[in-house]
Every structure is written in structure tokens, then in C-alpha cells.
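Chemist: So that we are looking at the same thing, I have put the structure below in C-alpha cells.
The values are calculated or read from the model by the stated rules, or taken from the named source; none is laboratory data. The model shown is predicted, which means the values in this text are computed figures rather than measured ones. We place every Cβ from the backbone using ideal geometry, glycine too, and count neighbours over all the protein chains shown.
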Amino acid sequence: MDVMRGLEGEGSGAVLPGMENLMLHFTPYGEDWSKLPVIVSGEGCYITDDKGNSYVDGLAGLFTTQVGHGRAEIADVAAAQMKELGFFPNWSFQHPRSLELAGKVAEIAPGDLNTAFFVSSGSEAVETAIKLARQYHRANGEPTRHKFISRKIAYHGTTLGALSVTGLPDFKVPFEPLVPGFYHVDNTAQSPEGAAEAIEEAIQFGPPEQVAAVIIEPVQNAGGCLVPPPEYWRKVREICDRYGVLLVSDAVISAFGRLGEWFGVERFGVTPDMSTFAKGATSGYSPMGGVVASDRIARTLSDNAPMFMHGSTFGGHPVSSAVALESIRIIERENLLQNVHSLEGHFGDELSRMAEGHPIVREVRGLGFFWAVELKPERPDGTPLDEDEYKRYFKGVLSRALMENGLICRFDDKDEPVIQYSPALIADRELLSRIAEITDKALSELERELGYRG
């Protein structure tokens, strides 16, 4: 499918029915929402808007559509499940699809992570991990363990508990006061040599008998694909074991193949006590999230607590469970984990070669099909851009150039400005090269506007 160039205007441009009624997620009120693209269809690694413009979906929706858009086999499975059993809860009942999915998650999860609890989103998954950690320690005879340690800049979700774990102060201000007992330490970009030690210091300060868990992502998303040093995860595992603290891998983005493994953390040779998941679990075709916990956690609760005091009406939804199972089957059948491993080097090389011609690029980094290009928010002479200039050039010129050339990706500036990419796991060499090519054109336009080029 060819990528069409030159959008008609800057999006739809017309007020469609419902535009005055829909509140968008994380979208500034200052933008003209009527000019935002209206996406009407998708096929493979491409999406199409209501004007007929086609784009490379370089973000897989939102780190989500692992097997690509338009998979008829997933639609067929969902329809068949709706006809058989459209809905029934997992509250005091079971149904075949959630049982089957729980067994499959246990099979593919690392180590002894064998017990799955299903919800409907990543934020709910993190919320579940928080509650499970606290109730586990209470059931284990250590009720004072209620504090959590996570990393600065890290994003873990929007519900109040997940937002408390999140290390982005600006995201919290409208909703304060949040849940107490959450502390944040340097991430691996802020302190490459001492990030693990910062976690130990925070536990010691806790004091240790009050710390329930450390929650970190295999590769931190916010800040731009922060790949940890080789020994980081092993050190954190040893620290948590030393102090009796649970280690939670937040794999909402990293799981189901994004890093070339089922849960992402496998790349670092460590088994956590729990892992969250969501997004790619169903390739986005239906809402699904969850936590998979170790045998020790599951056994301690079953032996010492009346029940896990938590639930979700739609958790383990039969249709979502059926969709997740089919998405996993596609990943297995089409060897998509191997595809990520085989092509991650090509993807990184293409982005790095592209970056060599752009003085505005500071760094290219990533793993699997999860990459970022970090930029310098400055003029050629090193003068920093002021707030208005930054908005005009980076959020205006750059973002528009990427889209006008046919690429949906993510410009993020929670820390330093980065362009992020996470294409579907079905992406081939040609598509990955195309992502780098479009980025090259967009950066050239940005540099011309800033005076890097004549």
C-alpha cells in the first residue's frame, strides 16, 4: 500500500457528528480538534483517514496492534464468542475462554509466574499490582509493608494508585492529594551507573519493613525508550530479595512481543514477582489487561486470606479473552517474536544512519520494535529555544511534517524531546526503512526552519 503524500488541510477540517460531544484523551483544548485526523480503517501496518490519506502506523495505535490492523481471523473469533457467550463475569464464576487464557499466560510468562488476574486496561493492571502487593504482605504477616518505589519520569497509568506510582509531577497536580506512600528515584538515563543503588537507598530510607514493592518497566517508555544498563535488572532483583521487597515488572507496553519476548523482562535474565500487561495482549482488538503473579504470592494469599479483595466487572471478559488467545496464536503461527529479533538491528541501523545527517539529533536508542530519536531543542549555535519557539517548531513544524509525509508516530517531551516508534510486529525491512526515510524528511524540514540548512 502506497503512502499518500500531502494532506488536504491539516486533518478532517470539518465538524463531523459527535465532534462537539467527544472529549479526547490527553489532547490539549488549545488544539482545533476538528482538524485532527479521523481514522476510519486499517490494514496491516497502515491506517486511512476520512479524506482517503494513508499513513504508516509507526506507533501500532499506541504500542498495541502487535499483529497489525484488519485481521479477519480475530474478528471471526470475536463474533463466534459473542454468539456463544457474549458476557459473564469472573466474580464467583468461570468460563472457558478466561480459563484457557490464564493457562496460556502461565505457559508463556517467565519463571513461576503462573497465576493471572484479568482487568480491562493497563492502569487497572498497575492498580491491581499495588493492591495485590499490599494484601500479599498483610497475608504474609508483614502488614506494615505499604510503600512503593518507582522511577522519575516513568508513566504507569491514570487511576489514582497508578498515577501515584507515576513519576511525572505535572500529570498529578490536577488530582492531588494522591495516595500516600509512593516514592520516586532516578531512572537509568538520569543515573546510568547508580540507578539500582538509588533503589536500595530508597528502600533503606523506607525503612525496609515498610516497603512493599519496586515497580519498574523493562524499558522505560516516558523519556523515550530508556534501555537499562545490562546489569540493572539483575541488581534490582538482588536488592529486592535482600530486603524482602516484591519486584513488579510493568510490562503494559513491553509485553506480547514489543521487545521480542512475551513479557519483555526476559531480555534481562530476571523473573519478577509480578508482571502487569495490557495493550498488546489483544493487539488492541478488544480491551484487556492483567497481572500474572508468582506461585509464592498466589499460595500465600490462598493460605492466609479469605479472598483477594479486588475485582472488575469486565475482567476476563469472554470476548476479550477469545481475542487475546487468537492474537497469541497469530504471534506464534507467524513467528513474530523472531521477526522482532531478526529486524531490530535493521531498524536501529536505519534510524542511526538517518540520524547521522541531522545535527539536531542527540541520540538514537531502543530495543526490539521500540525505538526513540532524541532531539536537541536548540538553534545551530546551541541557543536554547524559548517556550513559544519550541512549540512552533517541534510541536508545529516537526509534528506536521511527519504526518504530512505519511507517518503516525509519537512526539513526546515528558523529559527531553523524542520521536518514538513502535510499529506492529509484522513490520518488514521495507516498512522499517520507510519510517526512517519519512523521519529524515521531517527532520530536514525542521532544520531548515531553525536555520541548520540553507
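Chemist: Any residue at all in segment 362-369 that is crowded, with 20+ Cβ neighbours inside 10 Å and without any contact (Cβ under 8 Å) to a residue 60 or more places away in the chain?
Modeler: yes
Chemist: Please determine whether any residue of segment 213-234 is buried (at least 23 other Cβ atoms within 10 Å of the Cβ) and more than 26 Å from Val364 (Cα to Cα).
Modeler: Yes, that holds for at least one residue.
Chemist: Quick check on Gly244: is it closer than 21 Å to Asp273 by Cβ, free of Cβ contacts under 8 Å to residues at least 60 places away in the same chain and of a type in the set (Gly, Ala, Ser)?
Modeler: Details: closer than 21 Å to Asp273 by Cβ: yes; free of Cβ contacts under 8 Å to residues at least 60 places away in the same chain: no; of a type in the set (Gly, Ala, Ser): yes.
So Gly244 does not fit the description; no.
Residue by residue, here is whether (1) surrounded by fewer than 19 Cβ atoms within 10 Å (Cβ to Cβ); (2) closer than 25 Å to Asp412 by Cα holds:
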position: Val165; (1), (2): no, yes
position: Lys172; (1), (2): yes, yes
position: Glu176; (1), (2): yes, yes
position: Ile199; (1), (2): no, no
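Residue-wise test of (1) buried (at least 24 other Cβ atoms within 10 Å of the Cβ); (2) outside any helix (DSSP H, G or I).
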position	(1), (2)
Ile239	no, no
Arg242	no, no
Val248	yes, yes
Ala255	yes, yes
Leu259	yes, yes
Thr271	no, yes
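Chemist: Also: Going by what's in this entry, would Val179 be described as assigned by TED's automatic domain parsing to the domain that holds Val270 and in a helix (DSSP H, G or I)?
Modeler: Working: assigned by TED's automatic domain parsing to the domain that holds Val270: yes; in a helix (DSSP H, G or I): no.
No, not satisfied.
Chemist: Does at least one position in segment 402-410 carry a residue that is within 24 Å of Lys152 (Cα to Cα), crowded, with 21+ Cβ neighbours inside 10 Å and under 21 Å from the mean Cα position of the chain (by Cα)?
Modeler: Kept after step one, since they are within 24 Å of Lys152 (Cα to Cα), are these residues of segment 402-410: 409-410.
Subsequent filtering for residues that are crowded, with 21+ Cβ neighbours inside 10 Å retains 409.
Retained after the next criterion (residues that are under 21 Å from the mean Cα position of the chain (by Cα)): 409.
Among the residues of segment 402-410, at least one is within 24 Å of Lys152 (Cα to Cα), crowded, with 21+ Cβ neighbours inside 10 Å and under 21 Å from the mean Cα position of the chain (by Cα), which makes the answer yes.
Chemist: Now a separate question. Does Ser399 meet the test of being free of Cβ contacts under 8 Å to residues at least 40 places away in the same chain and part of a helix (DSSP H, G or I)?
Modeler: On the way: free of Cβ contacts under 8 Å to residues at least 40 places away in the same chain: yes; part of a helix (DSSP H, G or I): yes.
Criteria met by Ser399.
Chemist: Follow-up question, since we're still on this one. Return the only residue of Thr383, Thr300, Thr271 being farther than 30 Å from Cys45 by Cα and within 22 Å of the chain's Cα centre (by Cα). Give the steps one after another, and end with the answer.
Modeler: Values: Thr383 fails: within 22 Å of the chain's Cα centre (by Cα); Thr300 fails: within 22 Å of the chain's Cα centre (by Cα).
Result of the check over Thr383, Thr300, Thr271: Thr271.
Chemist: Determine whether segment 166-177 contains at least one residue that is touching a residue at least 12 places away in the same chain (Cβ under 8 Å), in contact with a strand residue (DSSP E or B) (Cβ under 9 Å, 6 or more places away or on another chain) and of a type in the set (A, V, I, L, M, F, W, C). Even if it seems obvious, please write down each step before you answer.
Modeler: Step one: list which residues in segment 166-177 are touching a residue at least 12 places away in the same chain (Cβ under 8 Å), which gives 166-168, 171, 175.
Restricting the remaining residues to those that are in contact with a strand residue (DSSP E or B) (Cβ under 9 Å, 6 or more places away or on another chain) gives 166-167.
Narrowing the set further to residues that are of a type in the set (A, V, I, L, M, F, W, C) leaves none.
The answer is no; no qualifying residue exists.
Chemist: Consider Ile203 carefully, then state whether it is over 20 Å from the mean Cα position of the chain (by Cα), over 21 Å from Ala298 (Cβ atoms) and not basic (Lys, Arg).
Modeler: Details: over 20 Å from the mean Cα position of the chain (by Cα): yes; over 21 Å from Ala298 (Cβ atoms): yes; not basic (Lys, Arg): yes.
Against the criterion (over 20 Å from the mean Cα position of the chain (by Cα), over 21 Å from Ala298 (Cβ atoms) and not basic (Lys, Arg)), Ile203 qualifies.
Chemist: A follow-up question, please. Please go through (1) assigned to a helix (DSSP H, G or I); (2) over 22 Å from Ile199 (Cα atoms) for Arg134 and return the number of the only condition it doesn't satisfy.
Modeler: Exception for Arg134: condition (2).
Chemist: Quick check on Thr276: is it crowded, with 22+ Cβ neighbours inside 10 Å, farther than 30 Å from Ser191 by Cα and within 14 Å of the chain's Cα centre (by Cα)? So that I can check it myself, show each step before the final result.
Modeler: Working: crowded, with 22+ Cβ neighbours inside 10 Å: yes; farther than 30 Å from Ser191 by Cα: no; within 14 Å of the chain's Cα centre (by Cα): yes.
No; evaluated as a whole, the condition is false for this residue.
Chemist: Only one of these conditions is not met by Gly348: (1) assigned to a helix (DSSP H, G or I); (2) buried (at least 17 other Cβ atoms within 10 Å of the Cβ); (3) touching a residue at least 60 places away in the same chain (Cβ under 8 Å). Which number is it?
Modeler: (3) is the only condition that Gly348 fails.
Chemist: Could you tell me which numbered condition Arg392 fails, if it satisfies all but one of (1) more than 25 Å from Thr166 (Cα to Cα); (2) outside any helix (DSSP H, G or I); (3) basic (Lys, Arg)?
Modeler: Every condition holds for Arg392 apart from (2).
Chemist: Say whether the condition of being more than 18 Å from the chain's Cα centre (by Cα) and of a type in the set (Phe, Trp, Tyr) is met by at least one residue in segment 412-428.
Modeler: No - not one qualifying residue is present in segment 412-428.
Chemist: So which of Ala154, Ala162, Ala125, Ala189 is in the same structural domain as Ala212 (by TED's automatic domain parsing), part of a loop (DSSP other than H, G, I, E, B) and either closer than 26 Å to Thr27 by Cβ or in contact with a Cys (Cβ under 9 Å, 6 or more places away or on another chain) (or both)? Break it down into steps so the answer makes sense when it comes.
Modeler: On the way: Ala162 fails: part of a loop (DSSP other than H, G, I, E, B); Ala125 fails: part of a loop (DSSP other than H, G, I, E, B); Ala189 fails: either closer than 26 Å to Thr27 by Cβ or in contact with a Cys (Cβ under 9 Å, 6 or more places away or on another chain) (or both).
Just a single option satisfies the conditions, and that option is Ala154.
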